[in-house]
Every structure is written in C-alpha cells, then in structure tokens.
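The values are calculated or read from the model by the stated rules, or taken from the named source; none is laboratory data. Everything quoted here is computed from the prediction, not taken from an experiment. Every residue, glycine among them, receives a Cβ derived from its backbone with ideal geometry; neighbour counts consider all protein chains shown.
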Amino acid sequence: MAIELATEATFTPRAGTFLVGITSDQFPGMTEIPLRGPTASLPPHARLAASIVELAELGTGGEVHVTSTVPVGSGLSSSAAFSVALFLALGTPADPRTVALACQAAEAAAGAAVGLLDPLAIMGGSAGHALHIDFATLEMRPVPVPAQAAFVVVHCGASRQLSGSPYATRRAECERAANQIGRPLGLCNVSDLSVLSDPVLRRRARHVITECARVREVERLLARGNLAGVGAVMTDGHRSLAGDYKASIPALEELVEFLLTTPGVLGARMTGGGFGGCAIALCTPDSPALDLARYAPRRAWRVSPSPGAALLATSPPSR
C-alpha cells in the first residue's frame with residue numbers, strides 16, 4: 001500500500017543548458033548531471049538521478065528541487081519514491097506500468113537489481129486500499145482495507161542499502177531455483193520444491209512460493225474483515241523471511257518480538273528488502289503500540305493506505 005510519507009520533485013526547465021542541477025533537503029549542495037556524457041564522477045547518491053535523467057531523454061536541462069519525508073535506508077521505498085517523483089517531474093507519462101518499468105531500468109543502471117513492487121505500489125495506491133499485483137501480467141487491482149485496521153511503522157535503528165546487502169544474492173538464488181524447476185516461482189506450488197536438490201535454493205524458493213500463498217490468503221481475509229487472521233499471516237511471513245530467506249538481522253528480530261508482545265498488535269513483519277530498516281505492525285485502534293513516543297529514540301510513524309503518486313502541476317515538456 002502507498003502511505004502518507006512522500007517525496008516531491010519540482011523541475012524547472014532552463015533553455016540552452018545541458019545540465020540538470022538537483023538539490024535535495026536530504027543531501028547537501030547541488031549535484032549537476034549532464035544530459036549526455038559521463039557520470040562516473042558523480043557521488044553514489046546521485047547515480048540513480050543520473051540514470052533517470054538519461055532515460056528521460058530531455059531536450060534541455062534545468063533545475064530540480066526534491067523534498068521528502070521518506071527516510072533513506074529504512075525499507076520504506078525511499079529510492080522508488082524518489083525515482084517515481086523525478087520521472088513524473090521530468091515528463092514521463094503517468095501510467096503505472098510505464099513509470100515502474102522506467103524506475104526498474106534506472107535502478108539497474110545505477111547498480112541495484114530491484115523489482116517492480118515498490119514503484120507499482122506508489123503509482124497504483126489508493127486511499128483505504130491495498131494493491132494486489134500480479135507480476136506475471138503486471139495487472140493490478142485495489143483491495144479494500146477495513147477502516148478499523150491501524151498500522152504503525154517502526155525503524156529498528158539499523159539502516160540498510162540494498163547494494164551493500166545480500167539482496168542481490170537472494171534474487172540470484174531464486175532465479176536459479178526457478179530455472180531448475182522450469183517456471184517462475186510465483187507460478188509454482190510447494191510440491192515443486194522436490195525438484196531442488198540444493199537445500200539453500202529449496203529454502204529460498206519455499207519462502208517465495210509460500211509468500212505468494214500468503215498474499216492470496218490476506219486478500220481473502222481482508223474481504224471478510226478478519227484482521228486477526230491478517231495479522232497472523234503477516235507474522236508468518238516475517239518468520240519465513242527470517243528463516244527461509246535469511247533477510248533479517250538481530251535488531252529487526254528484537255523489534256518484531258517487542259511489537260508482538262504489545263497489547264492490540266495483531267501481527268508484525270519487516271518491510272522492504274530486509275537486512276535492516278523498518279517493521280510494520282497491524283494493530284487494533286486502541287493499541288498502545290500506536291503511541292509513537294514509546295519507541296524513542298527509534299523513529300516511528302502511524303500510516304494508513306493512502307493515494308498514490310500524482311502530477312501536481314505541469315508545463316509543456318522540453319524535449
């Protein structure tokens with residue numbers, strides 16, 4: 001689901017210039033990115049922006065200013081939020097699939113092999129709804145979330161960057177498992193695991209296969225208003241991520257256990273790619289877990305299913 005935290009990018013074209021200058025409230029100074037030409041000398045945090053500028057195929061440069069309330073390295077899709085905002089500001093058509101595929105290509109060019117979930121959720125989100133995504137077809141449909149569902153997100157205190165974590169290794173392991181089985185893991189069932197002789201690949205594939213089943217089960221439970229059941233499935237998903245997928249760290253495990261022992265917490269799990277960042281808990285409306293002060297000095301946020309990305313203002317693009 002999309003949440004209230006947001007990234008906003010404003011692009012002001014400047015005729016006759018072939019540089020895009022980017023300023024951000026999260027990084028000091030201005031970074032200048034050439035429309036064409038080498039970008040190897042750019043600092044690491046600017047390489048994704050350079051990939052986006054190149055893919056946007058601008059006819060002229062200009063200035064971009066970025067503001068964001070999405071914490072970096074938290075597992076709350078900060079890079080996807082930035083990518084979506086910048087692509088829309090630079091004139092990419094506001095179609096969820098077009099934007100998501102462009103974001104994935106830009107991340108890959110910047111050295112991160114990410115999936116499509118984050119930009120699709122950001123583009124396709126709607127108030128009061130989760131988003132079901134079929135990654136075989138990229139078809140999406142909104143899933144109503146009962147109004148009494150309350151969510152809190154808490155940072156475990158350990159930041160993470162996917163480029164420096166085992167995230168890419170996990171993706172490669174899943175790809176090898178899918179190749180050995182002969183079809184995408186999302187189309188497999190648990191009985192297909194017997195094909196895999198490598199116990200590591202078997203565990204990674206088991207997580208993906210059972211996680212797909214959990215997604216379908218959560219949608220059924222939401223339709224029935226069974227939030228206790230949804231919470232149990234969330235927690236089961238976290239156990240699978242920690243056990244079969246090995247995507248957790250001690251700080252995340254301690255946080256999830258703390259959340260689960262709090263009255264009114266129906267379920268909890270890590271968010272994002274794991275290896276640090278945040279956990280999310282589904283709570284009853286009267287749960288003390290919704291009191292953000294109890295997590296200090298950790299950062300925490302109350303969140304709810306919110307509208308997705310939008311183009312707030314526009315002018316004729318310069319191409």
**OP:** Search region 188-217 for residues being free of Cβ contacts under 8 Å to residues at least 24 places away in the same chain and β-branched (Val, Ile, Thr), and hand back the single one that is surrounded by the most Cβ atoms within 10 Å (Cβ to Cβ).
**Re:** Val195
Original post:
If you go through region 119-145, how many residues are surrounded by 14 or more Cβ atoms within 10 Å (Cβ to Cβ), out of contact with any strand residue (DSSP E or B) (no Cβ under 7 Å at 6 or more places or on another chain) and within 15 Å of Val303 (Cβ to Cβ)?
Top reply: 1
Original post:
Taking region 7-20 only, how many residues are under 26 Å from the mean Cα position of the chain (by Cα) and surrounded by fewer than 18 Cβ atoms within 10 Å (Cβ to Cβ)?
Top reply: 2
Subject >> Boolean, Ala228 is assigned to a helix (DSSP H, G or I) and either basic (Lys, Arg) or without any contact (Cβ under 8 Å) to a residue 12 or more places away in the chain (or both) >> reply: no
Original post:
Do we find a residue being at pLDDT 95 or above, closer than 30 Å to Pro166 by Cβ and more than 20 Å from the chain's Cα centre (by Cα) anywhere in region 268-285?
Top reply: no
**OP:** Within region 80-107, work out how many residues are outside any helix (DSSP H, G or I) and either over 15 Å from Glu57 (Cα atoms) or not small (Gly, Ala, Ser) (or both).
**Re:** 5
**OP:** Using the structure shown, decide if Glu107 is in contact (Cβ under 8 Å) with a residue 12 or more places away in the chain, crowded, with 22+ Cβ neighbours inside 10 Å, within 28 Å of Arg269 (Cβ to Cβ) and not aliphatic (A, V, I, L, M).
**Re:** yes
**OP:** Kindly indicate whether Ala113 is in a loop (DSSP other than H, G, I, E, B), in contact (Cβ under 8 Å) with a residue 60 or more places away in the chain, surrounded by fewer than 21 Cβ atoms within 10 Å (Cβ to Cβ) and more than 11 Å from the chain's Cα centre (by Cα).
**Re:** no
Original post:
For region 289-312, does any single residue satisfy the condition of being among the polar types (S, T, N, Q), assigned to a loop (DSSP other than H, G, I, E, B), in contact with a strand residue (DSSP E or B) (Cβ under 7 Å, 6 or more places away or on another chain) and surrounded by fewer than 20 Cβ atoms within 10 Å (Cβ to Cβ)?
Top reply: yes
